[in-house]
Amino acid sequence: MTPVGEVPDDPFLPGPMAIREAELRTSKRGPRIMTTQRQRVSFVGLGYVGLCTAVAFANRGFETIGVDIDAKRVAQIETGRAPIHEPRLDRMLKTALQTKRLKVTEDVSQVRATDVIFLTVGTPSEPGGEIRLSFVEEAAREIGRCLRDEHGYRLVVVKSTVTPGTTRSTVRPVLEEASGKKIGVQLGLCANPEFLREGSAIDDTFQPDRLLIGAMDGETAARLEGLYRAFFGGKLPPTIVTTPETAELVKYASNAFLATKVSYINTIANIAQLVPGVDVEKVAEGIGLDPRIGPLFLKAGPGYGGSCFHKDLQALIAFSHALGYDPRLLGAVEEVNEEQAAKVVELSERLLGSLRDKRVTVLGLAFKKDTDDIREAASIRVIERLKQKGAEVTAHDPIAIPNARLLLGDSVEFAADSASAIRDADCCIIMTEWDEFRKLSAKDYIEAMRSPNLVDARRLYKPEDFEGLNLLGIGLGKDKARGG
Ligand code: UGA
């Protein structure tokens, strides 16, 4: 049997027997979860979280149904090609489909055949930062309708990121009305936020740091715990059972804290940059050795991006304002992040003077490596500024160009590889920490570029390896900066 939480190389471990054993063990803990049958699970909404988690459950041997209203998306997933780039996802998706453990459909009524229904639809931002709940409400209504004539107990699990109170005050009444059932009687409901990261979503699903079970009642908590015990082959990761509201807030508080760490170290980087002899990397190492601080998430850079941090901070700020409290710290975290793009462009101006008609190459468009996601990416903010200042921008990214092209159109020239991207450039800016950019040497830049000016916004390179170049790095004190 695969040890708990280990990511299986071989799909379908720990396998049905292990799951059966686990469920039997679990069954000693609670009254009505005794079953030797594997529970069937469904996911309504096949975005990042829904698809990765559905594939993981199928991989662990659960009969899994994935539902999405987008017919094109469903059709693509059915071919075994995920609509998102995520390491290992395609391979596991193919196996899940071939073994028929995963079925994907547009037909939400298929959730009837499952014991646990995960709600994994998106909660996009409204103009004021609040989350739009229409997809959550609609999905809850559809699920409720499907369960109206069903007799067995069903558990609905809200995995979508929702502000505190949503599961109880929005999902609950919609589900109860549409199903004609009472939560706590034939229907369980809980909030169970997700913490997976893009680029390592599969590993994170198999090895989460923690589980948050925000249950409406004890039985619901026991049932969801039982399901996860089966998923993890018996032993749970650290698990907190609490109210739905607390679980919902943990999700926002986690992302807000991580974003705060990034804006904090970027603030220190901006100070470091003004002081001769200082390097923010060493500062981060120095403070990170204090166990009260810790070393993670202290990498200075061009500012955070991605679909979550900005959206979740805005939602938390709006939520807090609605309650009458102004969370000033969180506003500052966002401001610092927004301004960080300007800091990157300032570095290129220190090297070039005016950017008008200068050829600037941007290496990296994705908001971080190992993803093709450009949502809220710092590269986009930087490119917009460069364009405003009259620069001609050429960009390259190993996989995010198709997504970037949709957003940027032909305002930017896209290069097929990094070598052609830097050819004849006046300045190159490293925006994403892709491994392939690490392979470029000082010689590569010097030979290819019109003038070898490099802004290392991800601190990918050791300045001492780039002696013949004019290199400026985020958080690298003045005297180390050549040409600055
Ligand atoms: C984030 C959280 O890390 C997940 O736990 C959460 O589940 C997810 O949001 C979500 O809410 O769905 P993700 O957006 O995939 O995950 O990306 P992160 O790895 O957290 O990085 C976010 C941004 O911060 C990236 O642009 C990254 O480059 C930047 N970052 C991160 C830094 O600039 N410095 C660091 O030290 C760390």
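When the helices in the chain are scored as -39500 (n - 2.57) per DSSP H run of 4 or longer and the sum is shared across all residues, what 222 nm value do you end up with, to the nearest 500 deg cm²/dmol?
-12500 deg cm²/dmol
Rounded, prolate or oblate: which fits segment 276-354, taking a ≥ b ≥ c as square roots of the Cα gyration tensor eigenvalues, rounded meaning a/c under 1.5, else prolate when a/b beats b/c?
oblate
In terms of the Cα gyration tensor, with a ≥ b ≥ c the square roots of its eigenvalues, is segment 114-223 rounded because a/c is under 1.5, prolate because a/b exceeds b/c, or oblate?
It is oblate, given that a/c is not under 1.5 and a/b is not larger than b/c.
Let me know the charge dipole size of the chain about its Cα centre in debye, to the nearest 20, where only the beta-carbon of Lys, Arg (+1) and Asp, Glu (-1) is charged.
1040 debye
Rounded to the nearest 20 debye, what is the charge dipole size of segment 254-480 about its Cα centre when +1 sits on each Lys and Arg Cβ and -1 on each Asp and Glu Cβ?
Using only the charged Cβ atoms, the result is roughly 280 debye.
At 0.36 nm per residue, minus the direct Cα-Cα distance, what do ALA113 and GLN98 gain on full extension? Give it in nm, one decimal, please.
3.4 nm
Taking the highest mean first, how do the peptides 460-466, 334-340 order by number of other beta carbon atoms within 10 angstrom per residue?
Those peptides, ordered most packed to least, come out 334-340, 460-466.
Which of the three applies to segment 16-242, rounded, prolate or oblate, going by the alpha-carbon gyration tensor with a ≥ b ≥ c and a/c under 1.5 meaning rounded?
Cα axes put segment 16-242 in the rounded bin.
With everything on Cα atoms, drop me the angle between helix 244-272 and the longest principal axis of the chain, reported from 0 to 90° to the nearest 10.
10 degrees
Full extension from TYR153 to SER354: what is 0.36 nm times the residue separation minus their Cα-Cα distance, to one decimal in nm?
Answer, rounded to one decimal: 65.6 nm.
Mind ordering 52-58, 153-159, 80-86 by average Cβ neighbours within 10 Å, highest first?
Ranking the peptides 52-58, 153-159, 80-86 by packing returns 52-58, 153-159, 80-86.
Would you please give the residues with an amide H less than 5 Å from that of GLY122, counting only those at least 5 places away or on a separate chain, with H modeled from the backbone geometry?
none
Could you report segment 270-351's accessible area per residue, 1.4 Å probe, as an integer in Å²?
Per-residue value: 52 Å².
If one takes the longest principal axis of the Cα atoms in the chain, at what angle in degrees, from 0 to 90 and to the nearest 10, does the Cα axis of helix 15-27 lie?
Long axis of 15-27 versus the principal axis of the chain: about 60 degrees.
Of the DSSP beta bridges with both residues in the chain, give the percent that are antiparallel, rounding to the nearest 5.
Around 10 percent antiparallel, to the nearest 5.
Between ASP70 and GLU106, what length in nm is gained on full extension when 0.36 nm per residue of separation is reduced by their alpha carbon distance?
Answer, rounded to one decimal: 12.3 nm.
Note down the relative contact order for the chain as a percent, whole number, built from C-alpha pairs under 8 angstrom at least six residues apart.
For the chain, the relative contact order is 12 percent.
How tilted is helix 134-147 with respect to the longest principal axis of the chain? Cα atoms for both, answer in degrees (0 to 90, nearest 10).
Roughly 20 degrees, rounded to the nearest 10.
Putting +1 on Lys and Arg Cβ atoms and -1 on Asp and Glu Cβ atoms, find which of LEU476, ALA421, CYS308 reaches farthest to the positive end of the dipole of segment 254-480.
It is LEU476, whose Cα lies furthest towards the positive end.
Take the solvent-accessible surface of the protein heavy atoms, probe 1.4 Å, and return the percent of it on the chain that carbon and sulfur atoms account for.
The value for the chain is 52 percent carbon and sulfur by accessible area.
How big is the convex hull of the Cα atoms of segment 254-480, per residue, in Å³?
126 Å³
How big is the charge dipole of segment 330-448 about its Cα centre, in debye rounded to the nearest 20, if each Lys and Arg gets +1 on its Cβ and each Asp and Glu gets -1 on its Cβ?
Once rounded to the nearest 20, the dipole reads 260 debye.
Could you name the lysines in cross-link range of LYS389, using Cα to Cα under 16 Å and dropping any fewer than eight places away on the same chain?
LYS343, LYS358
In what sequence, highest mean first, do 87-98, 241-252 appear when ranked by Cβ atoms within 10 angstrom?
241-252, 87-98
Within segment 158-182, find all residues whose amide N lies under 12 Å from a label point positioned 7 Å from the Cα of ARG145 along Cα-to-beta-carbon.
178-179
Which entries of LYS311/LYS439; LYS282/LYS387; LYS251/LYS299; LYS100/LYS311 show an alpha-carbon separation above 24 angstrom in the structure shown?
Check vs 24 Å cut-off fails for LYS311/LYS439; LYS282/LYS387; LYS100/LYS311.
The values are calculated or read from the model by the stated rules, or taken from the named source; none is laboratory data. Keep in mind that this is a model prediction, so the values were computed, not measured. Here the Cβ is made from the backbone with ideal geometry for all residues, glycine too, and neighbour counts use every protein chain on show. These area figures cover heavy atoms from the full protein model, side chains too; ligands, DNA and RNA do not enter into them. Shrake-Rupley method; radii C 1.70, N 1.55, O 1.52, S 1.80 Å.
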